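Student: The structure under discussion is supplied below as structure tokens; questions concerning it will follow.
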Amino acid sequence: MEDLIDDVVAGFNGLVDQLPNSSFVTLFGFESIYGLDNIFDHLPAPAVRELTESDYNLGDGTPLYDAISGAIKQLEVEAMTRTEEKIIFVIISDGLENASIRYSLGETRSAITEKISGGWDIRFYGLGPDAASEAENLGISVADGASFAPNQDGVNEVFDDIAGSFTQSRTKSKCSRVMP
């Protein structure tokens, strides 16, 4: 996603600007060298500073299962004391799994399925035509998985779609937490 850094940073900042003031933001970054990085941890949307390029660490691989399962583990501990919050868990990836060492597909799929059953709204956005099948592999409905083009328009569509869930009627509840 090196070529898309500016677009992703701008898209995330634009998304935060559109969130209701009652929303909270948790943001993780992930890659194979630095692992899972908690950039923002349950901050009220108005208190979230602008994301910068220095927040965005790129590595060599995509430890997708480790990132998803690790983030779920961290968020589920926090969610125990915040039972009134609805959670929207958004995964944005530039590639398919290729570097996980801690969690398997089965473990990650099980964690996702459990959280969806518990009311979490989980979505997957990936580069390329394989995004929908990757979402299905992870236990995420095809309707909640989408591919995006590797350009500014594609990134903008992802963040517009996420923002739209706070402003338009959906079949799922509006949520108060976001993790792109």
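Student: Tell me, which residue of the stretch 60-83 that is modelled with pLDDT under 90, part of a helix (DSSP H, G or I) and of a type outside the set (Asp, Glu) is nearest to GLU157 (Cα to Cα)?
Tutor: Out of the qualifying residues, it is ALA79.
Student: For the list (1) part of a helix (DSSP H, G or I); (2) in contact (Cβ under 8 Å) with a residue 60 or more places away in the chain; (3) farther than 20 Å from LEU36 by Cβ, I need the number of the one condition that LYS86 fails.
Tutor: Failed condition: (1).
Student: Further question on the same structure: Could you tell me which residue of the stretch 112-138 is modelled with the lowest pLDDT, considering only residues that are surrounded by fewer than 19 Cβ atoms within 10 Å (Cβ to Cβ), touching a strand residue (DSSP E or B) at 6+ places or on another chain (Cβ under 9 Å) and part of a loop (DSSP other than H, G, I, E, B)?
Tutor: Checked the stretch 112-138; the qualifying residue modelled with the lowest pLDDT is GLY128.
Student: Is there any pair linking a residue in the stretch 1-21 that is of a type in the set (Asp, Glu) to one that is assigned to a helix (DSSP H, G or I), with Cβ under 8 Å and at least six apart or on different chains, and which?
Tutor: Once the first residue is of a type in the set (Asp, Glu) and sits in the stretch 1-21, its partners that are assigned to a helix (DSSP H, G or I) give ASP6/GLU53; ASP7/GLN152; ASP7/VAL155; ASP7/ASN156.
Student: Is there a residue in the stretch 19-39 that is in contact with a Lys or Arg (Cβ under 8 Å, 6 or more places away or on another chain) and under 25 Å from ASN137 (Cα atoms)?
Tutor: yes
To keep it simple, each residue is scored yes or no on (1) buried (at least 20 other Cβ atoms within 10 Å of the Cβ); (2) of a type in the set (S, T, N, Q).
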| residue | (1), (2) |
| --- | --- |
| GLY95 | no, no |
| ALA99 | no, no |
| SER110 | no, yes |
| GLY145 | yes, no |
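The values are calculated or read from the model by the stated rules, or taken from the named source; none is laboratory data. Predicted model, so just to flag it, every value in this text is computed and none were measured. Every residue, glycine among them, receives a Cβ derived from its backbone with ideal geometry; neighbour counts consider all protein chains shown.
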